[in-house]
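Scroll down for the structure; my scribbles are underneath it.
The values are calculated or read from the model by the stated rules, or taken from the named source; none is laboratory data. Just so you know, these numbers come straight off a predicted model, no measurement behind them. Here the Cβ is made from the backbone with ideal geometry for all residues, glycine too, and neighbour counts use every protein chain on show.
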Amino acid sequence: MDAFVIEGGQRLRGRLRVNGSKNSALPIMAGVLLTDQPVTLRDVPDLSDIRNMVRLLGELGVAIGRETDTEGRPVFCIQTIDERASHARYDIVRTMRASVCVLGPMLARRGRARVSLPGGCAIGQRPVDIHLRGLQALGARISLEDGDIVAEVPGGRLTGATVFLGGANGSTVLGTANVMSAATLARGTTVIECAACEPEIVDLASMLNAMGARIEGAGSPRLTIRGVESLSGVDHTVIPDRIEAGTFMCAAGITDGDLTLDNCPLDALMAATTTLDAIGVSVEPIGSGDDPMRRTCRVRRSGPLKSAPITTQPHPGFPTDLQAQFMALLCVAEGNSVITEKIFPERFLHVAELQRMGASLNRQGATAVVTGVGSLHGARVMASDLRASAGLVLAGLAAEGTTTVNRVYHIDRGYESLEDRISSVGGSVRRVKPEPAPIG
Ligand code: EPU
């Protein structure tokens, strides 16, 4: 397993382009199962999660070709050529929980689906009960066999219904994606209450609408979906990744750097940029720019780093996927910050690793108190999940000395060539291969 070796203390200066969003691309790719017409997807990032989705779709009868556009960016040409398969196997699902987003599209179009039940993961239990409840409300018959969700639609076509998709921690993003996608081909009208409002849902809805779906209300907690007979092909560009953008913003702040970010989805980052402002990191849009999801902005400190309270919430609240990165930043800010995790209350595996770098952290249940220290020091640390790993990389960039982040395959799931991109703006991050085990 590869590791990153980071020499801390370099200020990041320069320009980075924010890539297409992983969490938008994954349900969008699954949505392709809703049609047998050709689909072109642009700005899909080159990540291991995306490669796993390509593999999964391949097993489900979807042909995917990869080209590059005139600016060298990836273009996926996708078409379903065989609709007989319906099994998303454990081997793939266990590597990527987002595989569950093929469930709704397959049920809607093929009338049946067998998807391995995703297990728990490093950030918590992550059940899919709400996905199943929503699909059952549309008429799917669902059972559990040998660890697989086995679902079928009596009569072959789902039926619109009014469904409530709220849970103990609010709405569900992939649950909304699943039920919304399925409802596009249902007979009659579906109303989803307590729908996730995340920008990734808006992106999926806008692609499905361009394919002929009739979805209203995307971005609000109530979606109305009028079912249609079939969907056509589409040419769609994935929105930029708000979590990657927020991670780069924290990188500029923690290294006292000066980064210009292109293709930055500022409109989706209000909670993060408002918090950055309170911490002492300014995010200044440059130029007028027509599209608030694709702006250019300059990120640098506006003064000494200060403490700030953070509570993660569903969008438009502060995103859980930026909690670890902001924790790293607050570790070197003046004063005490209280961070409360309301989406995944166990998502604190980075706490013990940051402590190994000299951070002063005190976790009680779903809350961590960060007491700013003057500086962190390099250490060997272990990546545990994607965003925790990103937090450790940020801490390493700011730390005195050398930090080795082991198990960076977690980072490769969600950040494309992170070491090269950080190095291109002055950071020192090297990927190293694991040392071979001693013989004998
Ligand atoms: N939940 C249930 N039952 C369900 C579904 C969710 O109780 O059936 C709970 C979860 O346990 C959690 C809350 O609802 O407490 C919200 O989970 P959600 O379903 O929204 O998470 P998700 O859709 O599985 C996506 C992202 C995550 C991101 C969360 C929250 C993708 C592929 N994943 O997961 O991204 O943290 O929304 O915003 O879109 C990441 O990129 O690192 C990542 C983990």
Within region 368-397, can you find the residues that are more than 16 Å from the ligand (Cβ to nearest atom) and either surrounded by fewer than 24 Cβ atoms within 10 Å (Cβ to Cβ) or aromatic (F, W, Y) (or both)? A368, V369, T371, G372, V373, G374, S375, H377, G378, A379, R380, M382
I'd like the residue in region 24-59 that is over 21 Å from the mean Cα position of the chain (by Cα) and free of Cβ contacts under 8 Å to residues at least 60 places away in the same chain and, out of all such residues, is farthest from the ligand (Cβ to nearest atom). D36
Counted residues in region 9-52 being assigned to a loop (DSSP other than H, G, I, E, B) and under 30 Å from L259 (Cα atoms) come to 12
Are there strands (runs of 3 or more DSSP E) fully within region 359-440 with at least 1 residues that are closer than 18 Å to A252 by Cβ? List them. 428-432
Considering only region 350-357, I want to know if a residue exists there that is under 22 Å from the mean Cα position of the chain (by Cα) and within 15 Å of the ligand (Cβ to nearest atom). yes
Going through Y415, Y409 one at a time, which residue ends up being at pLDDT 95 or above and not small (G, A, S)? Y415
Exactly one of T224, T260, T247, T190 is among the β-branched types (V, I, T), closer than 30 Å to Q10 by Cα and either more than 15 Å from the ligand (Cβ to nearest atom) or part of a loop (DSSP other than H, G, I, E, B) (or both), and that one is T260
Take G111 and decide whether it is surrounded by 15 or more Cβ atoms within 10 Å (Cβ to Cβ), at pLDDT 90 or above and on the phi > 0 side of the Ramachandran plot. yes
Looking at region 322-367 only, could you name the residues that are among the hydroxyl-bearing types (S, T, Y) and crowded, with 16+ Cβ neighbours inside 10 Å? S337, T340
Matching residues, region 114-157, being part of a strand (DSSP E or B) and either within 16 Å of the ligand (Cβ to nearest atom) or assigned by TED's automatic domain parsing to the domain that holds K342 (or both): V115, S116, C121, G124, I142, L144, I149, A151
Single residue of D291, D262, D258, D321 found to be of a type outside the set (G, A, S), without any contact (Cβ under 8 Å) to a residue 60 or more places away in the chain and either in the same structural domain as E346 (by TED's automatic domain parsing) or in contact with an Asp or Glu (Cβ under 9 Å, 6 or more places away or on another chain) (or both): D291
